[in-house]
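Notes follow the structure.
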Protein chains: 2
Amino acid sequence: MGDDATAKRRGSYKSSELVRGRLIDAAIIEFATHGFEGSSTRAIARRADAHQPQINYHFESKEALWYAVMDRMMEEVDEHLDNDETEIKAMIEHLIRGLVRFAAARPELNRMMIHEASAPSQRLTWLIETHIRPRYDLFIAGWIELREAGVARDVPPELAYHLMIGAASLLHANAPEVEQLIGITPSDPATVQAHADTMVRLFLND
Amino acid sequence: MGDDATAKRRGSYKSSELVRGRLIDAAIIEFATHGFEGSSTRAIARRADAHQPQINYHFESKEALWYAVMDRMMEEVDEHLDNDETEIKAMIEHLIRGLVRFAAARPELNRMMIHEASAPSQRLTWLIETHIRPRYDLFIAGWIELREAGVARDVPPELAYHLMIGAASLLHANAPEVEQLIGITPSDPATVQAHADTMVRLFLND
DNA sequence: GTCTATAATTAGATAGAC
DNA sequence: GTCTATCTAATTATAGAC
């Protein structure tokens, strides 16, 4: 170790990971804005300051890049929603506030979700079975427990997930519309705070 | 009148309007599913049982077709939300139930809105100024009045519109996901009813 | 690993016969 | 108004020099 070959391998490896990461970052923006079909690998590469064929080098295909993007987004959700509360009401309140904060910080996930969830597809099936169902099951179990404890308002479990995510995310997913229509910046900390407070009031009993 | 030329003109006119309507119907589905850039005029024409150049004949361009689609969708919203209630609480309850019913019947509008509202564009600006702002202004004026009357729950006016639409529409915009994940059909009358009931409970005081 | 060149396919739009 | 054929430009992916 320490010879030229090792140094070169290390250097190349590091550089490769950097480009790979930049391509994922760029793809998140493009896929969220234009959808999978509407995004071009050239635009992704340009945004990542890379060349278009590097996508096929670092990933198997445009589709493989999309899967890598989703894996990354889901890691980020989990970091945002990480929860060490033990009391049940504090936990759900923490979750609701986390949902709003994440929607504001990363509107791209909700945008991508709507693009993909609009029609059945292999990508949607993979997304549901790999990433969504485990998280959904946890959420629903918690919601039912909260309903029984009288903490949650009267929202049927099979509707709760999408009502809550819809109310938490549209303001941020549609941020460009909101800014032009209403004149507020949805990602402003004060707006996020007011939004989270409102969500807690709406979905939890006093 | 009544001569061959007139008959032919009449026949052609009727046929032309029919094709034009079918192209708009088809474009609604395609634009909602794949976004503007992701939709191909060939796919739209195929779905309308027409030929691809007929789009450029009946509309100036793919973009002109998109504008015609939005005009049509907005006409449909207004029909769905048409309201002859006079009492203020009955009016907002009618509106909320109408929002849910429309989202279920025509998930395409909400899908298109998210596609377009994700990034600034000429299309988004036109959509806001032509169609959204007048309806938004009416909604907000009503919401403020309701807040003062103590009928509406404590949701700030600048958040109310997107919270309500988000909660009303995501379940239906993401219907394919919901069916696979939860196993319910969001457009089922019983589900729509339960969804509307829940929305009224969430956003209005008892 | 990068980057130029390019192959193969598909896109939106148009020409012109009917 | 319709429909075939086609133009130009853009797309994903690959070949091969470096």
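The values are calculated or read from the model by the stated rules, or taken from the named source; none is laboratory data. None of these values were measured; they are calculated from a predicted model. Reconstructed Cβ throughout: ideal geometry from the backbone, glycine too, with neighbour counts over all protein chains shown.
Some observations on this one:
- Residue list for segment A:96-129, restricted to those being more than 9 Å from every other protein chain (Cβ to nearest Cβ), without any contact (Cβ under 8 Å) to a residue 60 or more places away in the chain, over 20 Å from B:ILE29 (Cβ atoms) and assigned to a helix (DSSP H, G or I): A:GLY98, A:PHE102, A:TRP126
- Residue count, segment B:54-67 (criterion: farther than 17 Å from B:SER40 by Cβ and either buried (at least 16 other Cβ atoms within 10 Å of the Cβ) or away from DNA strand D (no atom under 16 Å from the Cβ) (or both)): 1
- When residues in segment A:171-195 are screened for being at the interface with another protein chain (Cβ under 7 Å from one of its Cβ atoms) and touching a residue at least 60 places away in the same chain (Cβ under 8 Å), 3 of them pass.
- Filter result for B:ARG42 (more than 14 Å from every other protein chain (Cβ to nearest Cβ), among the charged types (D, E, K, R) and within 13 Å of DNA strand D (Cβ to nearest atom)): no
- All conditions but one from (1) of a type outside the set (Asp, Glu); (2) in contact with a strand residue (DSSP E or B) (Cβ under 7 Å, 6 or more places away or on another chain); (3) without any contact (Cβ under 8 Å) to a residue 12 or more places away in the chain apply to B:ARG133; the one that does not is (2).
- Filter pass, A:GLU37 being within 16 Å of DNA strand C (Cβ to nearest atom), acidic (Asp, Glu), in contact with a helix residue (DSSP H, G or I) (Cβ under 6 Å, 6 or more places away or on another chain) and not assigned by TED's automatic domain parsing to the domain that holds A:ALA168: yes
- A:ALA48 being among the small types (Gly, Ala, Ser), more than 12 Å from DNA strand D (Cβ to nearest atom) and surrounded by 14 or more Cβ atoms within 10 Å (Cβ to Cβ): yes
- Among the residues making up segment B:196-206, those that are more than 7 Å from chain A (Cβ to nearest Cβ) and either free of Cβ contacts under 8 Å to residues at least 60 places away in the same chain or part of a helix (DSSP H, G or I) (or both) are B:ALA196, B:ASP197, B:MET199, B:VAL200, B:PHE203, B:ASN205, B:ASP206.
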